[in-house]
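Heads up: the structure comes next, in structure tokens.
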Amino acid sequence: MGATHRTDPRSKTLDRMLKLLQDAADQSAELCLLPETAFATFFPRYLINDPEELDAFFEHGDVIKSPGAAPLFNKAKQLGIDVSVGFAEVADNGERFNSSVYYHALTGSILAKYRKIHLPGDFEPFADPEATNQLEKRYFKPGNLGFEAFRVPDLAAGSEPIMGMMICNDRRWPEAWRCLGLQGVEIVLCGYNTAGFAPHLWGSDASQDPKQAEETALFHHKLVMQSNSYMNATFSISAARAGMDDGKYALIGGSCIVGPEGNILAETKTVEDEVIVADCDLELCRQGKTRTFDFSRHRRVEHYKRIVEQTGVVEPPKLSEASSNGASEVPSSLSNGTHNLPSRPAQPRGGRKIRILLCNPNATPSMTANCIKSVESTLPLDVEVVGFTAPPPAPSAIEGNFDNIMSAAAAARAIIPLQQREGYDAMLVACFSDHALIRMLREEFNVPVIGIMEASLFAARTLGARFGIVATSNRSKVMHADSVRHYGMQDFCAGIESCRLGVLDLERRPRHEVLAIMQEVAKTLVAGGAEVLTLGCAGMTDMVTAVKEAAGEDVQVVDGVVAGVHHLVGLVRLGGKTAKSGLYASSATGRKLRGQEYI
């Protein structure tokens, strides 16, 4: 499909889709694939604050009965052609997804639904007004249906081919293809909207030639479709939304049908509305599935553990660096085979920057990014803050004791080798609680460690006589009260008020709603005598300005991330280390003697 502008009425876009479907049927196609979010322009490139305007891009309820989509499915049934199409979905519980469905014309029903898992881009738009934004993380939740293959009856001479779906950015992740490949997939369907020139998105040179950037994006598209089709012995079909949306946003074409040997069978020639057709002999998948990529005979899953247990990159250690990690002893299981893992001195010297590891113990990377963003503008030139997001099985949010313990265990296992290699000068635990990870890291390392709640309370107690805490949920309100007592600050607490929100609601609910709730809570706390307010969740860190506006100029608002980073910077400059003579003595040696280095 060619350009679809923000101002195009749905009826115009539907008419184009119906013509394409007719063209495909006229060429005896049995199955037609249409692009990602095919019924409208690619709206996640825009910051849309009007709830009604945003809602108009989404399909509610059964998509085949939706007034804005039903004509496509009715036409498919009339023509006897199956359709897979992408759309923006509002689920029954109100959650929003970037979705696609497989519609079976003969039965007039949806055989399968897929929700996009690998959401690219950011939650907030770029500061540069000329940048091409990608705000899927703002408008959609990551998909929750997995990569499930399915059979299609009454297709391909009744052979019941095995199909699988993915959407746009999913195609860049080999794990997605392998999940489908392990189910014997024979055809992978992938709709996409891919920017041709978007240096902010890709982190590339903004001065590059837009034409060359577009050629590179097209090369990468074909690369992943061809290579993954070959490595999973499957046909693949990809359908683009292409052209120059709104006369400004260039999207690549490159829709193609690829065979199981990685060869392109058919490819679009334009960036306009266009149909390509290819015959797919599914028997051609057999050779790859039974010889080169016979998974049952050749896969060695005992060596693939890292793929599902680790998210971020953990590099092998540099052998030239000195070893001093703060623990009593480096466990032998963390050796690289010939040398113990090295780490750098905890105390910065020789002009080296102070490096602080910001540890987000939940598995939501956008929260880590927001924390880093909030503190960057406050950093001296000799301070660097590096973000860490806990890998699965850490929960995506921490809202109770179970989440606390699960997240601490997952984070600690990943941080130990990371710190032994990198030797950060201090660590900040970015969870507003008396989190278990804080004590774990104090035991394992001698560098200063603090959580954002404790740092917030120290700062608040310094800046005013009475403080208040803006909490997320009712349970977090109770837990914060317990932590305040633990820190010995109860006599200085003017109150803790709940926003009645979940942690992930801070990102997923409309921003204006969240800010309005937080502002009302702030006003209540100030009316109750709070002179300083602290934000009771790392996910609130980019909402300081709104709370300050509500609290008034005479009330201070403390961002725990900023307070924590600068508290640690001060301790590092003082040469402070975690004392090892008592409670925080490392238990690493004891674990090794028990034969439990794996912990």
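The values are calculated or read from the model by the stated rules, or taken from the named source; none is laboratory data. Note that the structure is predicted; figures quoted are calculated from it, not measured. Every residue, glycine among them, receives a Cβ derived from its backbone with ideal geometry; neighbour counts consider all protein chains shown. Remember, those area values only see protein heavy atoms, side chains included, never the ligands or the DNA or RNA. Shrake-Rupley method; radii C 1.70, N 1.55, O 1.52, S 1.80 Å.
Taking 7 Å steps out from each Cα toward its Cβ at K353 and S227 produces label points 3.0 nm apart.
Ignoring ligands, DNA and RNA, what percent of the 1.4 Å accessible area of the stretch 176-255 is carbon and sulfur?
Numbers: 1730 of 2960 Å².
The computed percentage sits at 59.
Solvent-accessible area of the stretch 1-64 (1.4 angstrom probe, protein heavy atoms only): carbon and sulfur portion equals 51 percent.
For the chain, what is the calculated [θ] at 222 nm in deg cm²/dmol (nearest 500), taking -39500 (n - 2.57) for each run of four or more DSSP H residues and dividing by its residue count?
After summing the helix terms and dividing by the residues of the chain, the value is -10000 deg cm²/dmol.
Extending 7 Å from the Cα toward the beta-carbon at both E95 and S377 defines two label points whose distance is 3.4 nm. In this simple spin-label model, placing a label point 7 Å from the Cα along the Cα-to-Cβ direction at both R306 and S587 gives a separation of 2.9 nm. Between P365, A494, A410, the Cα set farthest toward the positive side of the dipole of the chain (charges on each charged residue's Cβ, about the Cα centre) is that of A410. When the charge dipole of the chain is built from unit charges on Cβ atoms (+1 for Lys and Arg, -1 for Asp and Glu) and taken about the Cα centre, the candidate among I354, N93, G529 whose Cα reaches farthest toward its positive end is I354. Just the number, please: carbon plus sulfur as a percent of the accessible area of the stretch 346-485, 1.4 Å probe, no ligands or DNA/RNA counted. The C+S portion of the solvent-accessible surface of the stretch 346-485 is 57 percent.
Rounded to the nearest 20 debye, what is the charge dipole size of the chain about its Cα centre when +1 sits on each Lys and Arg Cβ and -1 on each Asp and Glu Cβ?
Working: 61 positive and 72 negative charges, 421 e Å.
The dipole of the chain has a size of about 2020 debye.
Backbone N atoms of the stretch 443-457 closer than 16 Å to the 7 Å Cα→Cβ label point of R475 are not found in any residue. Of the chymotrypsin sites (Phe, Trp or Tyr not before Pro) found in the stretch 255-311, the ones in coil according to DSSP and having at most 15 other Cβ atoms within 10 Å of their Cβ are Y304. Projecting the Cα atoms of A156, G191, T472 onto the dipole axis of the chain, where Lys and Arg carry +1 and Asp and Glu carry -1 at the beta carbon, places T472 farthest toward the positive end.
The mean accessible area for residues of the chain, using a 1.4 Å probe and ignoring ligands and nucleic acids, is 44 Å² per residue.
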